[in-house]
Amino acid sequence: MDEAQRILVIDDQRPVAEMLLAVLQELGYEVRVCVDAERAVQRALAFQPHLVILDLVMPGLSGKDVLRELRAQPATAQTPVLLVTAYHAAAEQLQAHPGEGVQILEKPFDIEALVARVRQMIA
């Protein structure tokens with residue numbers, strides 16, 4: 001049997017993170033959740049995900065900070081990242097210069113849109 005593709009969800013809102021966990025596990029992905037941005041990079045380095053789903057606005061380190069730290073690590077420098085945000089202005093700003101391997105999905109999003117984006121990013 002093929003190894004399941006690994007997805008790390010980094011979101012300080014536990015209900016959102018748990019919903020993503022349930023949906024993605026149902027689709028057969030191996031999923032881990034991190035609700036603490038301060039520990040996110042360490043978690044990513046230990047888990048070695050094929051995709052990171054990262055909330056943009058979190059207390060402490062922002063999603064931009066976490067993304068910068070992920071890109072600074074050789075093991076996660078090329079890992080695709082799906083940034084999710086409820087802030088339209090932030091999404092517009094990032095969409096202008098998203099960076100390689102980074103896509104943005106605005107909250108609220110429907111599950112079908114999320115699943116399509118995940119499948120596209122780790123096909």
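General observations
- Sole residue being modelled with pLDDT of 95 or more and not basic (Lys, Arg), chosen from 46, 4: 46
- Options 75, 89: the member that is among the hydrophobic types (A, V, I, L, M, F, W, C), surrounded by fewer than 17 Cβ atoms within 10 Å (Cβ to Cβ), modelled with pLDDT of 95 or more and not in a strand (DSSP E or B): 75
- Residue 105, sole failed condition from (1) in a loop (DSSP other than H, G, I, E, B); (2) under 18 Å from residue 29 (Cβ atoms); (3) modelled with pLDDT under 95: (1)
- Per the conditions (1) assigned to a loop (DSSP other than H, G, I, E, B); (2) under 19 Å from residue 123 (Cβ atoms), the sole criterion not satisfied by residue 59 is (2).
The values are calculated or read from the model by the stated rules, or taken from the named source; none is laboratory data. Source: prediction; values computed, not measured. Neighbour counts run over all protein chains shown; Cβ positions are idealised from the backbone, glycine included.
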